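Engineer: Input: one structure, supplied below.
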Amino acid sequence: MTPFRLCLLLLPLLLAALPGESRASFGDCADPAYRDQFDARLRDVDYDCVERSRVEVATPFGRHHIRVVHDRSADWIVEESLLEEIDRGVRLTAEALQHIGRFEIVDTTVLVADDLPPDETLDEIGGIAGMANFAGNHGECQVIFYAMGPGADLSHAAAVVAHELFHCVQRSTFDPRILDALVTARGPAWWLEGSADWFASMAVPDPAYFQRRADAFDDDSPDMPLTRMTYQNLVFFLWLADQRGSEGVMPFLASLSQEAGEAAQQVALAAALPEADWQAFARDYLDGRIHRPAGAFRVSPRDGPEWAWDGSTTQRVALRPFVLERARVRIGCGDWDLGASPARWHGARPDDGADWGPFPADLDTQAGDPDTWRFAALLAANSRTELRLAATRRSGCGDCAGSVRTDACLVGHWQLSSGGAAQWLRDNLPPNVRMTQVEQAGETLLLGADGRYQAGRMTARGRFEADGSDGITRGIGQLTAVASGRWSAEGGQLNLCPDTETMSGRATVTPPGGPSIGMPLGAAGTAGPMRMRYTCREGGFETETPIRNMPPMRSGYTPIPPAGG
């Protein structure tokens with residue numbers, strides 16, 4: 001095969017691989033019917049239309065053009081400097097589009113409307129506003145730029161143009177029917193406007209109006225979901241582009257563009273990023289780590305509520321879909337057990353700026369662990385859920401019964417080996433009452449050298465019968481108890497001061513002839529100090545607890561061997 005014939009065969013392939021020919025499909029801006037597609041008020045006004053500039057845009061699918069047209073006779077209203085800023089916005093847009101990956105944009109006309117107030121629904125900035133649409137029948141995207149008199153602020157013009165031109169990119173790249181549905185659906189254009197502002201902030205390095213978007217996000221984010229925001233979402237898209245690069249924004253938008261409606265968008269949004277990324281966004285925002293690479297920009301997160309955990313508590317947090325929850329947590333002095341259910345969608349960090357993560361399972365503020373924490377949560381789902389943060393104070397700080405002294409012979413991990421509540425009950429029942437079954441498990445006591453104690457989980461089950469004049473009353477019950485707090489020992493007296501004490505159970509009593517009566521047993525909270533006499537002996541110790549108008553309760557404890565020993 002000759003080289004000439006080879007070239008002829010390869011030429012169609014080469015042409016197909018090259019970007020499409022530069023072409024343009026524009027309407028006639030001198031035609032009132034054409035201008036009507038931008039704004040119906042332009043149909044019946046004198047508009048000496050002239051094309052001011054035209055810029056070619058290379059896309060992965062071909063080459064298109066963006067042109068700027070204006071009214072030649074409106075020079076007394078629209079100054080040349082403003083038109084130059086509009087031209088600059090078009091040029092900067094064409095340059096920035098080369099850095100966003102795969103996109104499409106059809107031929108686009110930017111029409112400058114002089115001294116014509118925009119629709120009140122548009123976002124007016126410094127005497128200017130813009131709107132993009134595909135209403136025309138020329139296959140082009142139409143952008144109208146409103147310049148409201150000589151006082152229009154030049155500093156915003158280029159960014160407004162870039163913002164509206166990115167709407168043309170959105171409508172050219174994604175299904176316009178979906179976009180129209182998004183705009184009319186409840187909670188509409190959250191990503192349409194936020195991503196358009198992101199593109200404008202990347203394309204135009206000027207300060208422009210972007211700080212006001214951050215201020216609005218700061219004000220709204222404590223209660224408003226991302227899917228109900230519009231321009232404020234610039235903050236999110238700046239973060240996204242920083243994480244994935246400017247070429248990563250369009251694939252993210254493509255994953256959201258299939259269905260309209262807030263619920264559908266929330267489902268798509270939850271799937272678009274891993275849960276860890278949503279938490280990273282929340283934390284980076286609350287730490288003030290979101291910036292605009294091309295210019296000045298600062299976020300100032302608002303404080304959330306303050307939670308004071310001075311004793312054992314369960315903090316219930318109503319998580320709302322895509323609302324950035326935040327709080328400051330102050331944890332009282334003591335030794336704490338912390339847990340969360342569900343163990344997702346949230347994180348915490350000490351207020352001193354350490355790393356984010358889950359609340360630690362064990363926290364001892366008396367020993368120097370942080371006592372002030374920042375909390376953040378972002379629920380990436382489409383329905384509310386309740387987060388429960390359980391904080392159990394095993395022991396507090398300070399004295400117990402007026403003393404901080406302890407006795408070394410009591411320090412250790414002990415098991416009840418004789419006596420105790422069950423035996424005392426057997427020994428002191430009225431003559432007509434008898435226990436037919438008693439089972440008891442647990443009943444351990446840990447007395448620490450630091451003045452803290454923990455009574456292990458105790459479970460008791462029992463049955464009784466009581467003789468009466470009308471027959472036998474029978475009962476059955478089960479009880480579980482656990483406690484922790486501070487202890488002291490001085491002068492032969494052992495004091496237990498519970499900081500956390502829980503008792504729960506249930507009893508059923510059946511009188512002669514029935515019916516059975518069920519009743520709950522239990523209490524939450526803490527009682528006052530428990531005082532008892534003690535005597536240390538080799539291999540353990542014994543206690544004697546006074547009970548009013550009854551014999552004292554005697555208990556004996558022996559050491560629990562160390563694990564593995």
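The values are calculated or read from the model by the stated rules, or taken from the named source; none is laboratory data. Computed from a predicted structure; not experimentally measured. Cβ placement follows ideal geometry from the backbone for every residue including glycine, while neighbour counts extend to all protein chains displayed.
Engineer: G528 passes all but one of (1) closer than 19 Å to G334 by Cβ; (2) surrounded by 13 or more Cβ atoms within 10 Å (Cβ to Cβ); (3) over 39 Å from the mean Cα position of the chain (by Cα); which number fails?
Structural biologist: Every listed condition holds for G528 apart from (2).
Engineer: Determine if segment 407-414 includes at least one residue that is farther than 30 Å from L446 by Cβ, part of a loop (DSSP other than H, G, I, E, B) and of a type in the set (D, E, K, R).
Structural biologist: Within segment 407-414, none of the residues are farther than 30 Å from L446 by Cβ, part of a loop (DSSP other than H, G, I, E, B) and of a type in the set (D, E, K, R).
Engineer: Take the residues in segment 356-366 that are assigned to a loop (DSSP other than H, G, I, E, B) and without any contact (Cβ under 8 Å) to a residue 24 or more places away in the chain; name whichever of them is surrounded by the fewest Cβ atoms within 10 Å (Cβ to Cβ).
Structural biologist: P358
Engineer: Can you tell me which residue is surrounded by the most Cβ atoms within 10 Å (Cβ to Cβ) among those in segment 344-355 that are under 13 Å from the mean Cα position of the chain (by Cα) and assigned to a loop (DSSP other than H, G, I, E, B)?
Structural biologist: Looking at residues that are under 13 Å from the mean Cα position of the chain (by Cα) and assigned to a loop (DSSP other than H, G, I, E, B), I get W345.
Engineer: For segment 444-465: of the residues being modelled with pLDDT of 90 or more, surrounded by 20 or more Cβ atoms within 10 Å (Cβ to Cβ) and more than 40 Å from the chain's Cα centre (by Cα), which is farthest from V482 (Cα to Cα)?
Structural biologist: That would be L447.
Engineer: Yes or no: segment 375-393 includes at least one residue that is touching a residue at least 24 places away in the same chain (Cβ under 8 Å), in a loop (DSSP other than H, G, I, E, B) and either over 27 Å from the mean Cα position of the chain (by Cα) or assigned by TED's automatic domain parsing to the domain that holds P225 (or both).
Structural biologist: No, segment 375-393 has no match at all.
Engineer: When you check V110 against the structure, is it of a type in the set (V, I, T), modelled with pLDDT of 95 or more, assigned by TED's automatic domain parsing to the domain that holds A30 and farther than 18 Å from A147 by Cα, yes or no?
Structural biologist: Against the criterion (of a type in the set (V, I, T), modelled with pLDDT of 95 or more, assigned by TED's automatic domain parsing to the domain that holds A30 and farther than 18 Å from A147 by Cα), V110 does not qualify.
Engineer: Select the helices (runs of 4 or more DSSP H) contained entirely in segment 242-310, then report the ones holding at least 3 residues which are among the acidic types (D, E), at pLDDT 90 or above and within 17 Å of the chain's Cα centre (by Cα).
Structural biologist: By residue number, 275-286.
Engineer: Checking D364 against (1) farther than 19 Å from L273 by Cβ; (2) at pLDDT 95 or above, which test does it fail?
Structural biologist: Failing condition for D364: (2).
Engineer: Quick one: C333 ticks every box in (1) touching a His at 6+ places or on another chain (Cβ under 8 Å); (2) assigned to a loop (DSSP other than H, G, I, E, B); (3) not basic (K, R) except a single one, so which number is it?
Structural biologist: C333 satisfies every listed condition except (1).
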